[in-house]
Amino acid sequence: MPRKLMLSLSCLLFLAGAPVQAGDPMKEAIATLPADAMGFACVPSLKSLDANFQQAINDLNLQPFVQPPANSLVALIKQNLPMFAALDESGAFAIVLMPAETLMDLSNATALVVPAADPKAMLEGMGGQPGEGGVWSVSMMGQPSYAISGDKRIVVTQSAEVAKKFAESKGGLDAKLKPGEIKALEGLDLAIWLDGDRMLKLFKPQIDGLVAMATMMQAGSGPVGMKQAEATKNQVNMLVEGTSSLGLGVSLKKPGLSLRLAMTSKPGSELSKQMKVKPTAESLLKGLPGDKYMAVFGQTADPSQMKASMKAFDPYFGMLEAVEGIDKEKVGQLKSVVEEWLPMMSGLRGALRSTPDGSDGLFGASLLIDTSDAKKWLDLTGKAVELAKKLVTESTNEHIDADVKKAVEAITFKADAEDAGSVKTCHLKFDVAKVAEMDDEEKEELGKVLGKDGLLLRLAAVDGNTVAVTFGGGAAGMGKLVEAAKKKESPLDADAGIKKVATNLPAERASVLYLAVDQIIAGIQHVMKAVDEEELPVTMPTIDAPLAMSATGGDEWSRFDIFLPTELLVAAKNAGMAMMGGPPPAAGAPGAAAPPGGAAPSTAAGGNEKPKSDKPKEISPK
């Protein structure tokens, strides 16, 4: 494809944005594409894309860096592709892969769909000459091509035969796609979809060749390598044989940037069993305290999917059995414990936070696990730890040296180790002092970061079906988590940042993750300061706008979303500019320093010091 055209189309891949309208534009655009298409990349409205692109430039204050015509995608296309002067800016622009039997055929099977206010005028502007069957001979960037015209669009290809197939195709692609596939593509401003089954068949010889090379290298390292090779081959085959389709896309609107990946699998395939999820409209953060967080997540777990996923561990247990000097009987025992332990879980939710000054340790973490039997789950956890330790410490393999065994021996699990409020806690600990030789200064710094307990996890049964796990905060921290879990409330759903971004994720979710980038940076700076190290050359004001991720799905389909709020993008851009010595953001702009009495100020231009003032510090009344 001509270089300039490729550059213009590449812009669309990175800079797409259009508002969702009634009767979803993407769904309507898919309905106009041939039912036998093997794939497509589609922007449903160039005009809306251009408007949102220009809005993004303004929101990020990038006007000095993006000068005309680069600040308008439509203007950029018209300047680089003058033959598209009669472009219908409101129409759908698409690249379509028509059916191909071989990779050689695929190179000529591409069709470019261009919306046209006057299709005939556009064809004539390309030096078009009408031919047989409505196929025109045209010139595209100096290259001989073929085209057909339709309802307010033209279709340009490198093959007259492909142009005819496009014209003769019956029905729209929307009739072929599953409801889950279409739903996953709706609302996107740029969507890419591939028929995984047909595309992977075309590339299978190349995939098989790469897998053969990788497995040959792995197998060369002995029995363990052979098991690794088997695992690699099985995983690739599962994907190749189980994938039905793949979709991905971008949406850029006023609230922020959305990225999406969607996948469908063949019914009854191993991939479909391992992809199965259990979405819900209920809160996935229930029972967690409403503290300030760096990261918080929640997910459901389908017991049948957990059981199916155990097959993925088979090669790894096989690798353990292949290790010389390992007790194969204990490997089997460990596998049996894990096979019983894993499907007992039906949900997880947790949070990572930075602790305030004066706390014991700089970080704290909490986790709640829904199980079919909390006490049994804890017993199996202890059993798995002890079996795993014995596999290493009792091994006669000469490659497992004394240092490795020493590190494993430093791991201990103790049941009913401590009272924490209304519950008894188990302790899972890694004693760093038994492994690493440290001087007094290093011990002091490690104590500042980890707290006096060191690397200690507390585990407790909240009730018959819920397990609580904490790191940091001592017994009081576990007591706080247990009391919050018993209330079964969801205070984090009311967090200002989470409320702001959650509406940009699917209503029903199987998992969700929120990353408070401003708090993560502050937490890292907190650690660097505590251990007397130079702080990072980057700061970010408190923005209450976390990066959000989610997963959902249904029968044979899965969808994954990432949402980056505009406030986060602006703050990241401003932080980058400050690191490079650029000017601070204009007053009142998103991510700019707050006025006195407001949020934490951003850094001064060209440095990391907070701006000084002769005025006395103002204290806002609470």
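What the table shows:
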| quantity | calculated |
| --- | --- |
| GLY256, sole failed condition from (1) in contact with a Pro (Cβ under 7 Å, 6 or more places away or on another chain); (2) open to solvent by 70 Å² or more (accessible area, probe 1.4 Å) | (2) |
| Strands (runs of 3 or more DSSP E) completely within region 170-270 that count 1 or more residues being of a type in the set (Lys, Arg) | 243-253, 256-265 |
| Tally, over region 459-474, of residues that are surrounded by fewer than 18 Cβ atoms within 10 Å (Cβ to Cβ) and modelled with pLDDT under 95 | 0 |
| Of all residues making up region 259-284, the number that are open to solvent by 20 Å² or more (accessible area, probe 1.4 Å), free of Cβ contacts under 8 Å to residues at least 40 places away in the same chain, out of contact with any Lys or Arg (no Cβ under 9 Å at 6 or more places or on another chain) and under 26 Å from GLY298 (Cα atoms) | 1 |
| Any pair with Cβ under 9 angstrom, 6 or more apart, that starts in region 317-336 at a residue that is in contact (Cβ under 8 Å) with a residue 24 or more places away in the chain and acidic (Asp, Glu) and ends at one that is part of a loop (DSSP other than H, G, I, E, B) and open to solvent by 40 Å² or more (accessible area, probe 1.4 Å) | GLU324/THR396; GLU324/GLU398; GLU324/HIS399; ASP327/GLU394 |
| Selected residue (criterion: farthest from ALA496 (Cα to Cα)) from residues of region 285-309 that are open to solvent by less than 30 Å² (accessible area, probe 1.4 Å) and part of a loop (DSSP other than H, G, I, E, B) | ASP302 |
| Any chance ALA502 is farther than 27 Å from ASP360 by Cβ, free of Cβ contacts under 8 Å to residues at least 60 places away in the same chain and surrounded by 15 or more Cβ atoms within 10 Å (Cβ to Cβ) | yes |
| All strands (runs of 3 or more DSSP E) inside region 83-141 with 3 or more residues being of a type in the set (A, V, I, L, M) | 93-97, 110-115 |
| Subset of region 58-77 (residues that are buried (at least 18 other Cβ atoms within 10 Å of the Cβ) and either without any contact (Cβ under 8 Å) to a residue 24 or more places away in the chain or in a loop (DSSP other than H, G, I, E, B) (or both)) | LEU60, ASN61 |
| Test: residue in region 84-91 that is open to solvent by 30 Å² or more (accessible area, probe 1.4 Å) and polar (S, T, N, Q) | yes |
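One line per residue, one yes/no per condition, for (1) open to solvent by 20 Å² or more (accessible area, probe 1.4 Å); (2) out of contact with any helix residue (DSSP H, G or I) (no Cβ under 7 Å at 6 or more places or on another chain):
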{"position": "VAL135", "(1), (2)": "no, no"}
{"position": "MET140", "(1), (2)": "no, yes"}
{"position": "PRO144", "(1), (2)": "yes, yes"}
{"position": "GLU161", "(1), (2)": "yes, yes"}
{"position": "LYS178", "(1), (2)": "yes, yes"}
{"position": "ILE192", "(1), (2)": "yes, yes"}
{"position": "ALA214", "(1), (2)": "yes, no"}
{"position": "MET217", "(1), (2)": "yes, yes"}
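The values are calculated or read from the model by the stated rules, or taken from the named source; none is laboratory data. Since this is a predicted model, take the numbers as computed values, not measurements. Methodologically, a virtual Cβ is constructed for each residue, glycine included, from the backbone with ideal geometry; neighbour enumeration extends over all protein chains shown. Remember, those area values only see protein heavy atoms, side chains included, never the ligands or the DNA or RNA. Shrake-Rupley method; radii C 1.70, N 1.55, O 1.52, S 1.80 Å.
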